[in-house]
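Beneath this line is the structure, given in structure tokens, with notes to follow.
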Amino acid sequence: MKISHQNRTLDLSLPKIMGILNFTPDSFSDSGQFYQLDKALYHVEQMLADGADIIDIGGESTRPMAAEVSLEQELQRVVPLVEAVRQRFDCWISVDTSKALVMREAAKVGMNLINDIRALQEHNALQTAVTLDLPVCIMHMQGQPRTMQAAPHYQNVVAEVTDFLRQRAQQCIAAGIKQTHLIVDPGFGFGKSLQHNYQLLQQLQVFSELGYPVLAGVSRKSMIGQLLDKPVEQRMVGSVAATLLAAINGASILRVHDVAAMADALKVWQAMQQA
């Protein structure tokens, strides 16, 4: 399975690492430590050296209870950073946004992939994605970031998330997005309880059966912190373990903070497979 954009192709026959770059002052995981352009670019350089295949840039914190970010703020954060990364590095650039104008402006300066937690359901987002003709990741979320963890409820979380992603993918294709441009994400931690998250992880293979690459983002999330009773800065080992399980269960793109540790874990697993 592959995704392509212009002269770039991402071969997903082996899992690829997506390094997270939160360009916000209030990220849940890195507390704004990369919220300066020079620090952000140094972090990109380090993640690429450590083995990242994609850099995922976000200008809006989507942690539970996060304050909403205005369109102007998100544009000011994201667009110059995408442009700076594109000028300096030959890598895939993903932008974590739900706003149509951010998608358009980021595409002008070098974005390759739209990563939308709201699955192109915001105003004009779907039509914009069609026009841009970019690969896009659509994610499942119950509720909105500010309130999604209040009381998430499902009859059958795996079936309901699968149904949503199947239907939304079909709607995207009907609107004009290429089937080969779609990636699906079950949305770990987005309107899911601890039990829901581990049910999704256990049955992640179900999402591969939809016929699209699967993105898994569990890094440093509360599903690790609650289970291990550890703060964000002590969740690396748990995050790498959970992400490796996601890869074993069929995830093609692994969205992580700790790129070097994840690359090591993947190498060990792949060596065992090839032995």
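Extending 7 Å from the Cα toward the beta-carbon at both residue 229 and residue 90 defines two label points whose distance is 5.1 nm.
Per-residue Cβ neighbour counts within 10 Å put 222, 252 in the sequence 222, 252, beginning with the fewest.
Just tell me, in residue order, which DSSP H segments of the chain are both 24 angstrom or longer along the helix axis (alpha-carbon based) and at least 0.0 in mean Kyte-Doolittle hydropathy. Walk me through the intermediate numbers first.
Working: long enough: 71-88 (26 Å, -0.34); 157-175 (27 Å, 0.33).
Span-like helices in the chain: 157-175.
For the pair region 4-18 and region 153-210, the centres of their Cα atoms are 21 angstrom apart. Computed over region 119-275, relative contact order equals 21 percent, with contacts defined as Cα pairs under 8 Å that lie 6+ residues apart. Using the Cβ-Cβ distance between residue 6 and residue 156 with R0 set to 51 Å, the FRET efficiency from 1/(1 + (r/R0)^6) comes to roughly 0.80.
Panel order for 77, 86, by other beta carbons found within 10 Å of each beta carbon, from fewest to most: 86, 77. You can think of it this way: the chain between residue 208 and residue 127 has 26.6 nm of extra reach, that is 0.36 nm per residue less the Cα-Cα gap.
Taking the Cβ of residue 97 as the center, what net charge do the other residues with Cβ under 11 Å away carry, scoring Lys and Arg +1 and Asp and Glu -1?
On the way: positive: 77, 99, 104, 118; negative: 56, 60, 74, 96, 105, 116, 122.
Spelling it out: positives minus negatives among the neighbours equals -3.
Springs join every pair of Cα atoms under 10 Å in this Gaussian network model of the chain, and among 22, 249, 115 the largest mean-square fluctuation is at 249.
Which residue fluctuates most in the GNM of the chain (Cα springs below 10 Å): 207, 188, 89? Result for the chain, Cα springs under 10 Å: 89 fluctuates most. Look at the alpha carbon pairs under 8 Å that are at least 6 residues apart: their mean separation over the length of the chain gives a relative contact order of 19 percent. With all projection directions averaged, the alpha carbon convex hull of the chain covers 13.2 nm². Between 125, 100, 174, the Gaussian network model of the chain with springs among Cα atoms under 10 angstrom shows the greatest mean-square fluctuation at 174. Determine the calculated [θ] at 222 nm for the chain from helices alone, applying -39500 (n - 2.57) to every DSSP H run no shorter than 4 residues and normalising by the residue count; nearest 500 deg cm²/dmol. For the chain, the value works out to -13000 deg cm²/dmol. Find how many whole Å separate the alpha carbon centroid of region 233-266 from the alpha carbon centroid of region 97-129. Between the Cα centres of region 97-129 and region 233-266 lies a distance of 26 Å. Classified by the C-alpha gyration tensor, region 128-249 has a prolate form. Its axis ratio a/c, with a ≥ b ≥ c, is 1.5 or above, and a/b is larger than b/c.
Shape of region 203-271 from its Cα gyration tensor (a ≥ b ≥ c, root eigenvalues): rounded if a/c is under 1.5, otherwise prolate when a/b > b/c, or oblate? It is oblate, given that a/c is not under 1.5 and a/b is not larger than b/c.
Read-outs: derived from the displayed coordinates by stated rules, not from any lab. Just so we're clear, the structure is a prediction, and the values are computed from it rather than from any experiment. Cβ coordinates were reconstructed from backbone atoms using ideal geometry, including for glycine residues, and neighbour counts include every protein chain displayed.
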